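The values are calculated or read from the model by the stated rules, or taken from the named source; none is laboratory data. Keep in mind that this is a model prediction, so the values were computed, not measured. Here the Cβ positions follow ideal geometry from the backbone for every residue, glycine too, while neighbour counts run over all protein chains shown. The accessibility values were calculated without ligands, DNA or RNA, using every heavy atom of the protein model including side chains. Shrake-Rupley method; radii C 1.70, N 1.55, O 1.52, S 1.80 Å.
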Amino acid sequence: MEFEGCSCFRQRLVLSTLSVKRVKIPNIRSKDDNLGLRDFEVSFIRLLDKHECNVQRSIGYYLEALLMLAPFVKTPLRAALKGVTNDPTDPSVDLLKVTAIPLMKKFGIDGDGLEIKVLKRGMAPAGGGEVLFTCPVRRSMKPVQLTEPGKIKRIRGTAFSVRVSPQMANRIVDSARSILNKFIPDIYIYTDHMKGASSGKSPGFGLTLVAETVNGTFLGAEVMSTPQGQGDPVLPEDLGRNCAKLLLEEIYRGGCVDSTNQSLALLYMTLGQQDVSKSLLGPLSPYTPRRLCLAQGDRCPIGEGCNRVSPSS
């Protein structure tokens, strides 16, 4: 198959690996002054060599692809990723831990070997964080019937701060609860303040929230502080309120899979057994249709808006 440009770079390589099909990607940023691959994309290609993640993107950028590949490798995966754990651009390791891991268990990927563990926290831009991801091997995905999200029964979260006052996390919790307490009583938000070598190289703070339903659906949202030296600073109170509103919006969108993990669920369904799987999704995130297009080959749901060149038979 042949594609053009840098769009969906990770997904093209992941699906090429899983389908054992060659892929050609010419004209990467051909119209930019800085042609070709960026450093973080080169770092992704070298990921299997245990290369340290480039700090231009967070560990979540690399971890999303590993979640797609890990169940299908030859031996159980144990990957130590170093770099930025939290930034405003990519899903954080905290969000993937509380939403992607429960989703993987629904497809039969479970056991003590499935875990995302934050060893050190590293904020953008300098990073310094470390994450351990372990995953058992599963040759096939269990078919799922995810059609009834159910009502929200509880909300959990983690407010973290590094290289700033620990009170930042407490202020975030209070502001988030001021909104969420109006809707449900069962709310608990942990505070995480890492110090010393475990706090990375840059200051910052953030909040990750997850709502769990009576049927085992997990819907997540998160907001991070502005990286040091980039843009206007954000107050902890504003951050907490914004994250609470984003979680309410995610709940309003509906579905049995949150917007961050839609493409992961669709990929697992595509690679599953012959039995029919069903999943109820809310409005598709901007990335999901393109990833679905790559998984479906010629049956592109996007049409003329897709920048795919010419798939070969």
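General remarks:
- Highest to lowest packing among 218-226, 84-92, scored as the average C-beta count within 10 Å: 84-92, 218-226
- For the range 42-106, the gyration tensor built on C-alpha atoms gives an oblate shape. Its axis ratio a/c (a ≥ b ≥ c) is at least 1.5, and a/b is not larger than b/c.
- Given the choices (i) 19.4; (ii) 16.6; (iii) 20.5, mean projected area of the Cα convex hull in nm² derived from the coordinates of this structure is entry (ii).
- Surface per residue (accessible, 1.4 Å probe) for the chain, Å²: 49
- Charge tally in the Cβ shell below 9 Å around Val23, where Lys, Arg are +1 and Asp, Glu are -1, Val23 excluded: +3
- Between the amide H of Ser58 and those of Asp90, distances stay under 5 Å, these residues lying 5 or more places away or on another chain, with hydrogens modeled in the peptide plane.
- Under-5 Å amide H pairs with Val257, H placed in peptide plane, nonlocal only: Gly282
- Contact order normalised by residue count of the chain, Cα under 8 Å, 6+ apart, percent: 18
- For a modelled paramagnetic label at Asp112, 7 Å from Cα along Cα-to-Cβ, the residues of the range 136-164 in reach, with backbone nitrogen under 16 Å, are 136-137.
- Net length gained if the chain between Ile179 and Leu246 were fully extended (0.36 nm per residue, minus Cα distance): 23.0 nm
- The range 48-175: Rg to Rh, with Rh as the Kirkwood radius over Cα pairs: 1.01
- Förster-model FRET efficiency, 45 Å R0, Leu37 and Lys195, C-beta, rounded to 0.05: 0.75
- Violating pairs (Cα-Cα greater than 29 angstrom) within the set Lys82/Lys195; Lys21/Lys74; Lys24/Lys120: Lys24/Lys120
- Loop sites in the range 1-92: chymotrypsin sites (Phe, Trp or Tyr not before Pro), DSSP, at most 13 other Cβ within 10 Å: none
- As a fraction of the 1.4 Å probe accessible area of the chain, surface on carbon and sulfur atoms comes out at 50 percent.
- Local electrostatic count at Met141 - Lys and Arg +1, Asp and Glu -1, tallied over other residues with Cβ under 13 Å: +3
- Amide hydrogen neighbours beyond the local backbone of Arg154, cut-off 5 Å, H modeled: Glu212
- Listed residue (Asn34, Val137, Gln11) projecting farthest to the positive dipole end of the chain, Cβ model: Val137
- Beta bridges from DSSP with both residues in the chain: antiparallel share about 70 percent, rounded to the nearest 5.
- Figure legend: label point modelled 7 angstrom from the Cα of Val214 along Cα→Cβ; residues of the range 131-158 with amide N under 19 Å from it are 146-156.
- Short-range pairs are left out: with C-alpha atoms under 8 Å and at least six residues apart, the relative contact order of the range 9-140 is 24 percent.
- Cβ-based net charge around Ala176, under 12 Å, with every Lys or Arg adding one and every Asp or Glu removing one: +2
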